[in-house]
Number of protein chains: 2
Amino acid sequence: MTLSRQLADLVMQTPEIDNKDVINAAKRGVIDFFAASLHAINEKETMKIKQWIIDEGGTPKAWLLGHKTKATAAQAALLNGFQAHLLDYDDVHADVRGHPSAVILSALFASIDLTSADKIYGRRFLTAYVIGIEIMARLGQALNPSHYIRGWHSTATLGGIAAVAAICYLHRYDFLRQAFALAATQAAGLRVIFGTPIKPLHAGLAAQTAIRSIALLQNGLTADCDFLDPQKGFIAVYGEKGSELLLDNWGSEWKINNPGLWFKSYSYCSAAAYVADAANLLFKQHQFELQQIERIDLIFSPQGDSALIYPRPKFNRQGRFSAEYIAVKSLLGEPLDFTVFDDEPVSPHITALIEKCKRSYYEEKQSQRFAAVKVRLKNDEFFQQRIEHPQGSPKNPYSDQALYHKLAEAVKDETLAHQLFEDIYDFPDHEIKTFINKYLIRL
Amino acid sequence: MTLSRQLADLVMQTPEIDNKDVINAAKRGVIDFFAASLHAINEKETMKIKQWIIDEGGTPKAWLLGHKTKATAAQAALLNGFQAHLLDYDDVHADVRGHPSAVILSALFASIDLTSADKIYGRRFLTAYVIGIEIMARLGQALNPSHYIRGWHSTATLGGIAAVAAICYLHRYDFLRQAFALAATQAAGLRVIFGTPIKPLHAGLAAQTAIRSIALLQNGLTADCDFLDPQKGFIAVYGEKGSELLLDNWGSEWKINNPGLWFKSYSYCSAAAYVADAANLLFKQHQFELQQIERIDLIFSPQGDSALIYPRPKFNRQGRFSAEYIAVKSLLGEPLDFTVFDDEPVSPHITALIEKCKRSYYEEKQSQRFAAVKVRLKNDEFFQQRIEHPQGSPKNPYSDQALYHKLAEAVKDETLAHQLFEDIYDFPDHEIKTFINKYLIRL
């Protein structure tokens, strides 16, 4: 039996999950997804995609989350995935080296045909989501770090494959092995495009790939092939290692819970959160003046900065992927809110300090991921902070209350936010279309 | 100035082509594209995609070639590309190591908004097509053979990038550099899926990627990045070599003419055409009986068989990519027409002879691509034929009359085929929408 058939069987035979911790982790993921998405619905980039969807037309069946309207499933997947990841405010998973929920939940919601009468229950939905994360994280482990380092954007390359698993599970489709192959042969996304709106588009495209793959199979097209073929399959082409661990201990624990999702309260790359937290501590303790600073060292565990492709950013939007930009702004106590990352050139005083930054690497015995910021002043004093677990990362998680706060800020209406929060917590025993129809015109 | 900006500038500044040989090569490409496409419009696989398009709906703007109707540009690109490549009856280009016209012409036709009043002339259209082939072939040279050998399907991975160049040139869009980046970050397609309907779907997906990239940029999304970045760009990630030759001697001669397109009169992979022609000669000379044959050697220049991934095909549809299947059927004088490559198991008498086939490789001084078939009989006699230039390949081309015959067979109506042939030959001075509207309800 081929590896891909075994994997498809494992997925499809997974019982709906009862474990409270796992279900709780999934609920938190859904809440964070809503917060990240709703925060981005009125962004001008979101409006451009929406305008395209309106121009294109089509039979409306799926929820355009936050837009009080429906669109085709493929369109909904694209827009929902795009807006969920637009502000880089959505969750991250260490094994994925990317953003799983923007793709998987966008695809899952888009897969629900609001014109059909089928009932879909929340526990199955949450289990489908857990499975999607699982596939994405296991593929990430099989491919990384070489895949990511070569230049691939794992959110994009792994997201579609993970999302077809989630969709097939949710709707009990019997063609997952073929859906894997069809999604794998469309897997794409380059990191060179980070710092443009195409990075968030990757999440939408991956979700759309999943929807399109499922639709084509539903219409009778076939994709009878082993996408994990050892010579020419997905992992052989996109990676270096083998796929031995893909099947091991399926269901004994779940990646959504261990190592767990990383939630964000900021709109820059999570790889920069280490230096942000370190620099923040230094700012709180010292409040440096710009003129005092002689040199700033940014020290990473090996490859800890590979997502941070702009050591010398020219535009603020590139600052999302610049350790130097984030560290310097944090050191000076300047805001790093959503409005910062615009298309304007980086201010000269920030650029001047960025020029004083130097990256270096240090491998610790435990291969613990960390970053440190070391500031040397002109009077030869120096100060250092080191961070292993930035705020929001799995070992330093946000409370439910902080998550609620993130949601309420995005929803803007306290009563509605509270209701949405409660309804997501009640997910397991409720019907999803009832939920969607309740919020379709209210969010 | 980045490499991608230079390439985009070269494309956009290309004068419309006057050279008769080049324009003639482009016309022949268009005729072959119509023949391959129209041959496939009633296939059951085509109908499945068409049904999906009908279900999905949308504002009809672009020509669904051969279906007497319009669809959205993205849908038209998908269906047109799919049907053009469905029977593996469409053209091939050695530098591409794949099928350029199915992608480029499908995308070009889909890019023409039939609801707009803009006039588009045939010479610009043919020049756009020549440019598309040029980009695809130059990218192919930069990446291959390692790209193809690793497991990529060049038709899919290079097609979208080539097609955005053609579309931007045709419509004089000023964002080609960004379109390159947007298409490159969606480039995908694995050879492991050969022998399923997803191989032809790759051509449709690549054309659709081009259309979607253009539409997103038209709606104001930006993709400001160098897709040829030496570290993390397209060629660095998808290949091994550099991109030095991409810009050299632009416009001094054109790849569509030298080495030229390879047209097919059969529905299997062109890599198998060498053994087909050799085995055909052997059949004509000897008419072997099945029982006489002791052993069949298939001898290739190095990597000459890498597209032929089924040494032991189980189903007839896999025979399209099996040197053994094609050689054995040809040796026995059995038909290899469109109806052969179905989902049925390979007949036992063919399988028995396939078991006697052995592939080997021989590198000649000139690195001339070739294949030879050597049949050894049980009485120890042996017979051999060697082919360097199969029928239809650039150095052994079909006559215009043969191309007309291919078109007429697909159109099924002599008068209409004749008119279409003439109108394509008159392309350079005619308006394209007038042409499309003439054939929209007639083909």
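Is the shape of the stretch A:270-387 rounded, prolate or oblate, going by the alpha carbon gyration tensor and its root eigenvalues a ≥ b ≥ c, with a/c under 1.5 for rounded and a/b larger than b/c for prolate? The shape class here is oblate. Across all Cα pairs in the protein assembly as shown, the calculated P(r) in 20 Å bins from zero up to the longest distance comes to 15, 46, 31, 8, 0 percent per bin. Charging the Cβ of each Asp and Glu at -1 and of each Lys and Arg at +1, and nothing else, the dipole of the protein assembly as shown about its Cα centre rounds to 180 debye. Of the residues B:12, B:47, B:136, the one that moves most in a GNM of chain B with alpha-carbon contacts below 10 Å is B:47. For the stretch A:143-154, the Karplus equation 6.51 cos²θ - 1.76 cosθ + 1.60, evaluated at θ = phi - 60°, returns couplings of 9, 8, x, 4, 4, 5, 5, 4, x, 7, 9, 4 Hz by residue, with Gly and Pro reported as x.
Rank these for me by crowding, A:328, A:164, A:92, going from fewest to most other beta carbons within 10 Å. Could you put the intermediate results ahead of the total?
Values: A:328 29, A:164 33, A:92 25.
With the sparsest Cβ surroundings first, the list reads A:92, A:328, A:164.
Ordering A:10, B:7, B:86 by the number of other Cβ atoms within 10 Å of each residue's own Cβ, fewest first, gives A:10, B:7, B:86. Between 0 and 90 degrees, the angle of helix B:273-286 with respect to the longest Cα principal axis of chain B falls at about 30 degrees. Per-residue ellipticity at 222 nm from helix content only, as computed over the protein assembly as shown with -39500 (n - 2.57) for each DSSP H run of at least four residues, stands at -15000 deg cm²/dmol. Under 37 °C and 0.692 mPa s, how fast does chain A diffuse according to Stokes-Einstein, given a Kirkwood radius computed over C-alpha pairs? Answer in µm²/s, whole number. In µm²/s, the coefficient rounds to 148.
Across the identical copies, the 7 Å label point of residue A:419, projected outward along Cα→Cβ, sits 6.2 nm from its counterparts, in ascending order.
Distance from the C-alpha centroid of the stretch B:158-184 to that of the stretch A:160-216: 23 Å, rounded to the whole angstrom. Label points for residue A:360 are taken 7 Å from Cα along Cα→Cβ. From this copy to the others they lie 6.1 nm apart, shortest first.
Could you pull out the pairs from A:241/B:329; A:20/A:329; A:27/A:412; A:199/A:241; B:50/B:438; A:284/A:395 whose alpha carbons sit more than 29 Å apart here? Don't skip to the answer; put the middle values down first.
Values: A:241/B:329 39 Å; A:20/A:329 40 Å; A:27/A:412 20 Å; A:199/A:241 26 Å; B:50/B:438 22 Å; A:284/A:395 23 Å.
Over 29 Å apart, Cα to Cα: A:241/B:329; A:20/A:329.
Relative contact order of the stretch A:270-387: 42 percent, from C-alpha pairs under 8 Å at least 6 residues apart in sequence. From least to most packed, judged by other beta carbons within 10 angstrom and beginning with the fewest, A:418, A:389 follow the order A:418, A:389. For the options A:347, A:146, A:322, a Gaussian network treatment of chain A with springs between C-alpha atoms closer than 10 Å singles out A:347 as fluctuating the most. Sorted shortest first, the distances from the residue A:338 label point to those of the same residue in the other copies are 5.4 nm; each point sits 7 Å from Cα along Cα-to-Cβ.
Please get the size of the charge dipole for the stretch B:28-92, origin at its Cα centre, with Cβ charges of +1 on Lys and Arg and -1 on Asp and Glu, quoted in debye to the nearest 20.
Numbers: 7 positive and 8 negative charges, 65 e Å.
Dipole magnitude for the stretch B:28-92 comes out near 320 debye.
Simple rule: put +1 on each Lys or Arg Cβ and -1 on each Asp or Glu Cβ in the protein assembly as shown, find the dipole, and look at B:53, B:41, A:293; the Cα lying farthest toward the positive end is A:293.
Please give the length that would be gained between residue B:442 and residue B:419 if that part of the chain were fully extended, namely 0.36 nm times their separation in residues minus their C-alpha to C-alpha distance (nm, one decimal). Walk me through the numbers before you get to the answer.
Working: separation 23, 0.36 × 23 = 8.28 nm, distance 1.12 nm.
Full extension of this stretch gives 7.2 nm more.
You can think of it this way: the chain between residue B:315 and residue B:287 has 7.6 nm of extra reach, that is 0.36 nm per residue less the Cα-Cα gap.
Based on Cα contacts under 8 Å between residues 6+ apart, the stretch B:154-248 shows a relative contact order of 32 percent. In straight-distance terms, cross-link reach from residue B:255 covers every one of the aspartates and glutamates whose alpha-carbon lies under 15 Å from its own, apart from those fewer than eight places away in the same chain; here that gives B:21, B:91, B:95, B:134. Taking the charge dipole of chain A about its Cα centre, with +1 at Lys and Arg Cβ atoms and -1 at Asp and Glu Cβ atoms, the residue from A:211, A:249, A:310 reaching farthest to the positive side is A:310.
Under unit Cβ charges (Lys, Arg +1; Asp, Glu -1), what dipole magnitude, rounded to 20 debye, does the stretch B:270-387 have relative to its Cα centre? Write down the numbers at each step before the final one.
Details: 16 positive and 16 negative charges, 57 e Å.
The dipole of the stretch B:270-387 has a size of about 280 debye.
If you run the Gaussian network model on chain B, springs between alpha carbon atoms under 10 Å, then out of B:275, B:237, B:103 the most flexible one is B:237.
Against the longest principal axis of chain A, how steep is helix A:100-110, in degrees 0 to 90 to the nearest 10, with axes from Cα atoms? The two axes meet at around 30 degrees.
For the pair residue A:54 and residue B:367, a Förster radius of 51 Å applied to the C-beta separation gives a FRET efficiency near 0.40, rounded to the nearest 0.05.
Given a cut-off of 26 Å, name the pairs among A:119/B:44; B:314/B:356; B:70/B:264 whose C-alpha atoms lie farther apart than that in the structure shown.
On the way: A:119/B:44 32 Å; B:314/B:356 15 Å; B:70/B:264 28 Å.
A:119/B:44; B:70/B:264, as the Cα separations exceed 26 Å there.
Any read-out appearing in this document is the output of simple, stated calculations on the displayed coordinates, not a laboratory observation. Everything numeric here is computed off the predicted structure, so don't read it as measured data. Please note: Cβ atoms are built from the backbone with ideal geometry, for glycine as well, and neighbour counts cover all protein chains shown.
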